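Written out below as structure tokens is the structure these notes cover.
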Amino acid sequence: MRSDVVRKGVEKTAHRALLKALGVCDEEMGKPFIGVANAYSTIVPGHMHLDKITQAVKEGIYAAGGVPFEFGVIGVCDGIAMGHDGMKFSLPTRELIADSIEAMVEAHQFDGLIVVGACDKIVPGMLMAVLRLNIPAIVVCGGPMLAERVKDKPATIKTAFEAAGLYKAGKIDEKTLKLYEDFCAAYCGSCQGLYTANTMQILTEALGLCLPYCSTSPCASSRKLRIAKESGKRVVELVKQNTKPLDFVTEESFKNAMTMDMLIGGSTNTILHLPAIAREAGIKLSLDLFDEISRRTPHLVAIDPASEYTIADLDESGGVPM
């Protein structure tokens with residue numbers, strides 16, 4: 001295993017001592033070492049629950065005979081960064097995320113990798129790292145936020161933006177504006193509609209880099225925890241089988257993801273992210289290819305902001321496998 005270079009032989013006595021400082025036992029020294037890149041933070045709503053999801057991932061790794069090592073990953077909330085100088089820093093974090101994961105995995109020579117993230121630039125950065133490193137890996141998507149109902153209609157983050165305009169136009173009063181402010185983002189998870197965060201999670205599943213239903217199962221659901229645990233188990237199996245992402249992610253995989261993008265009417269930011277991710281696999285995606293696939297692919301699903309349906313509704317209808 002890759003990790004043998006940090007734990008086997010007399011020359012690695014000090015290395016083993018440092019691993020034991022972390023609580024690693026003698027019997028664990030021969031087991032797969034799995035890096036767990038966790039984008040948990042208390043500034044990103046889509047990431048505020050990732051500590052619970054990551055705990056389930058680690059339990060799955062332990063159950064399958066692996067040893068998890070968790071490390072942190074930065075993330076920007078595009079919604080909070082929007083409309084001021086903070087937005088200039090959002091896209092560059094994609095590269096920072098990819099590079100930092102690469103640095104942690106290569107420095108510690110993990111045998112396998114699980115990345116846990118949810119939002120706009122975080123999932124693309126993680127996917128870039130997964131393909132660049134090309135070691136056994138699985139993505140665990142944090143999943144979407146649920147929508148409350150206000151005045152008998154689903155209230156999403158789109159509704160909050162609209163409410164500000166309605167208030168300025170004198171069409172709603174201050175009390176109604178406050179109601180939307182309090183209930184348009186009432187849970188953890190990536191914003192309820194088909195924005196970049198949920199689009200990229202869905203395309204992750206279409207690429208085969210996360211388990212079925214992982215992308216659309218709501219962030220706070222028990223099903224998400226079970227999928228996370230199964231992902232932890234599965235990555236240990238992938239290490240034992242030596243199955244790597246580039247063994248199955250091909251140009252056809254990206255064409256399939258682009259087709260999915262058109263079927264659901266995903267975020268136009270996929271034009272930024274899919275080519276960058278594909279490049280890590282040595283694949284070039286042209287704008288002409290996006291156009292070609294869009295012209296032959298019907299738009300089957302209308303999701304917020306194009307309708308009142310949310311990602312949770314898509315999940316209840318069968319998700320990506322459907």
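The values are calculated or read from the model by the stated rules, or taken from the named source; none is laboratory data. Being a predicted model, the structure only gives us computed values, none of them experimental. With ideal geometry, Cβ positions are generated from the backbone for all residues, glycine too; neighbour counts draw on all protein chains shown. The accessibility values were calculated without ligands, DNA or RNA, using every heavy atom of the protein model including side chains. Shrake-Rupley method; radii C 1.70, N 1.55, O 1.52, S 1.80 Å.
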Among the residues of the range 282-293, count how many are open to solvent by 80 Å² or more (accessible area, probe 1.4 Å) and in contact (Cβ under 8 Å) with a residue 12 or more places away in the chain.
-> 1
Take the residues in the range 108-155 that are over 19 Å from Thr270 (Cβ atoms), among the β-branched types (Val, Ile, Thr) and at pLDDT 95 or above, then tell me which one is surrounded by the fewest Cβ atoms within 10 Å (Cβ to Cβ).
-> Ile135
Based on what the data block shows, is Ile227 within 15 Å of Thr297 (Cα to Cα) and among the aliphatic types (A, V, I, L, M)?
-> no
Filtered residue count, the range 79-108, keeping only those that are under 22 Å from Cys188 (Cα atoms) and either touching a residue at least 60 places away in the same chain (Cβ under 8 Å) or hydrophobic (A, V, I, L, M, F, W, C) (or both) = 7
Looking only at the range 248-271, count how many residues are open to solvent by less than 50 Å² (accessible area, probe 1.4 Å) and free of Cβ contacts under 8 Å to residues at least 60 places away in the same chain.
-> 7
Kindly indicate which of Thr93, Thr42, Thr54 is of a type in the set (Ser, Thr, Tyr), within 22 Å of Ser221 (Cα to Cα) and open to solvent by less than 30 Å² (accessible area, probe 1.4 Å).
-> Thr54
Does at least one position in the range 226-234 carry a residue that is of a type outside the set (Asp, Glu), open to solvent by less than 20 Å² (accessible area, probe 1.4 Å), more than 14 Å from the chain's Cα centre (by Cα) and under 30 Å from Arg2 (Cα atoms)?
-> yes
Scanning the range 98-114 for residues that are hydrophobic (A, V, I, L, M, F, W, C) and out of contact with any Gly (no Cβ under 9 Å at 6 or more places or on another chain), the one farthest from Ile277 (Cα to Cα) turns out to be Ala107
Positions within the range 249-275 being within 19 Å of the chain's Cα centre (by Cα) and more than 22 Å from Ser190 (Cα to Cα), in sequence order | Val249, Ser253, Phe254, Asn256, Pro275
Kindly check whether there is at least one residue in the range 124-145 that is under 30 Å from Gln241 (Cα atoms), among the small types (Gly, Ala, Ser) and assigned to a helix (DSSP H, G or I).
-> yes
Could you run through the range 18-61 and say how many residues are without any contact (Cβ under 8 Å) to a residue 12 or more places away in the chain, assigned to a helix (DSSP H, G or I) and not small (Gly, Ala, Ser)?
-> 5
Among the residues of the range 294-318, write down those that are touching a Ser or Thr at 6+ places or on another chain (Cβ under 7 Å) and buried (at least 18 other Cβ atoms within 10 Å of the Cβ).
-> Ile303, Asp304, Thr310, Ile311, Leu314, Asp315
Positions within the range 1-17 being surrounded by 11 or more Cβ atoms within 10 Å (Cβ to Cβ) and either aromatic (Phe, Trp, Tyr) or assigned to a loop (DSSP other than H, G, I, E, B) (or both), in sequence order | Met1, Arg7, Lys8
Only one of Gly23, Gly35 is small (Gly, Ala, Ser), farther than 30 Å from Ala186 by Cβ, at pLDDT 95 or above and open to solvent by less than 20 Å² (accessible area, probe 1.4 Å); which?
-> Gly35
Mind checking whether some residue in the range 128-136 is under 24 Å from Cys219 (Cα atoms) and touching a strand residue (DSSP E or B) at 6+ places or on another chain (Cβ under 8 Å)?
-> yes
Answer with yes or no whether Glu162 is closer than 21 Å to Thr268 by Cα and in a helix (DSSP H, G or I).
-> yes
